[in-house]
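Participant: Could you have a look at this structure, given as structure tokens, before my questions?
Every read-out reported here was derived from the displayed coordinates using simple, explicitly stated rules and does not represent laboratory data. This structure is a prediction, so every number in the text was calculated from the model and none was measured. For neighbour counting, all protein chains shown are included, and Cβ atoms are generated from backbone atoms with ideal geometry for every residue, glycine included.
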Amino acid sequence: MLTKPKILVVEDEIIVAVNLGQKLKKLGYDLVGITSSGEEAIQKAEENHPDLVLMDINIEGNLDGIQTAELLRNRFQTPVIYLTAYADENTLNRAKRTQPLGYIVKPFESDQLRSSIEVALYKNELEHRNRKNEESLKSTLNHLESGIITTDENGLILFCNPVAEKITGVSYAECIGQALSKVLKLEEANTSTFNLPVSEVLSANHSVEKNGVFAVDGIGNKTQISINISPILNSEGKASGTITVLRSGELDNINQSYLKEIHHRIKNNLTVISSLLSMNASNLKDQETLDIFKDSQHRIQAVALLHEVLYENHDLSSISFDLYVKKLTDLLFEVYKVDREKFKLTLDIKASRIPSEMGMNCALIINELLTNSFKHGFKGKESGSIEVHFHKDEDHYFLEVKDDGVGLPDPLPQTRGSSSLGLSLVDSFVKLLRGKLILENANGCRVTLSFPA
């Protein structure tokens, strides 16, 4: 049996407090105490470790509800929902700074109480998982033998690991919020200044790599490094920042186990996010919203699959594309419950090993196109076929995905500026590959992509 959530009530109106306690018990929660002062609330929190505190803003004692909530959060990471009948703007602004998980306005009904508590508990669990994931990822980055620096969309530094501190000669505290170009000063072999193309990476959404440059610290010490700067893309495929990797000459043969561990942890983190989406989707009644949640979950699973394949690789710079596409299509057949006896899949992957980033972009295009086939292309059909072809000539790669379904709507949709999230994502991935995409109806839907090798 699942443990009941433990709730502490801090309320100095005794009748309101008793009534609230009775409602909580009827709703199935474990009431671990009722108190009227902030000092007693902190003591009971230390003794009982509640999952949530329902806190009146105006309480007796030396501490008001807001001060008490701040202490509870700082000492025990205990989440709070404020109870209030009225609060002026200054009080509410103070309350916001303590990051409450909600407000309940008095008087309230049991249904409102339950919904506020359940949302707050869910948000707190999500925040807890995110904190653990961030701490885990930060710990991994701090132990890498390469320098790592991340920036926001303006090129201002958000994070740097100890190796980056050593290379630049600038401490973590000093570099946060500074422009990357100000902290990371580079020279080429002929002592001419090398300027990192941060704006180019952010605007063009592609990586830049440079070998044999020198990082110069504040006192003139030089370290020969290779450098790679790549965009960090948001869910819309737009650059929300950059990640810069610095490898000194002695680290060109970087410890693969650290990189494999990163892929393993990212895959696990994505699996957690997918599970959280699935849990939340089970409470949705609206079919359109439910479909959006499920599509997002499947996209996350596709990316997690990439990190699984990379984790199994010996060479992390490239990927077994035929293996990845095989695993990806198996996953799609499973999640969309497609009968493989009635709907045939042909995979013709002639360029089996390609760079990892390129492989991910191609596979995510395949993911969107096959998802479209399963959801729309075969609507009303009892059987069908899908073909995926991939090959390379001297200068270009070619990807073709086609089905014999109902085809695309007429007139043919445009990927750029499309109202369809799937097509918008395809357009973003095509841009990253600097490719050309053609959509056409030919006894079904056929999509062809070519991009430079």
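Participant: Can you give the local net charge around D56? Use residues other than it whose beta-carbon is closer than 11 angstrom to its beta-carbon, Lys and Arg +1, Asp and Glu -1.
Facilitator: Within the 11 Å Cβ shell, the charges total -4.
Participant: Cβ neighbours within 10 Å, averaged per peptide: list 109-115, 139-145, 227-233, 6-12 in order, most packed at the top.
Facilitator: Per-residue Cβ counts within 10 Å, averaged per peptide and sorted highest first, yield 6-12, 227-233, 139-145, 109-115.
Participant: What order, most packed first, do the peptides 47-60, 439-452 have when packing is the mean number of other Cβ atoms within 10 Å of each residue?
Facilitator: Packing order, densest peptide first, comes out as 47-60, 439-452.
Participant: Expressed as a whole number of Å, what is the distance separating the alpha-carbon centroids of the stretch 127-183 and the stretch 43-109?
Facilitator: Value for the Cα centre distance between the two parts: 34 Å.
Participant: With Cβ to Cβ distances under 14 Å as the rule, what net charge do the other residues near N74 carry (K, R +1; D, E -1)?
Facilitator: +1
Participant: Under a Cβ-Cβ cut-off of 12 Å, what is the net charge of the residues other than V213 that fall near it, where Lys and Arg count +1 and Asp and Glu count -1?
Facilitator: It works out to a net charge of +1.
Participant: Based on the mean of other beta carbon atoms within 10 Å per residue, what is the order of 95-106, 425-436, 126-137, most packed first?
Facilitator: 425-436, 95-106, 126-137
Participant: Over 10 Å intervals from 0, what percent of Cα-Cα pairs in the stretch 6-139 sits in each interval?
Facilitator: With a bin width of 10 Å, the distribution comes to 12, 46, 33, 8, 1.
Participant: Could you tell me the largest-minus-smallest coordinate of the C-alpha atoms of the stretch 144-254 on each of the three principal axes, in descending order and whole angstroms?
Facilitator: On the principal axes, the stretch 144-254 reaches 40, 28, 27 Å in Cα extent.
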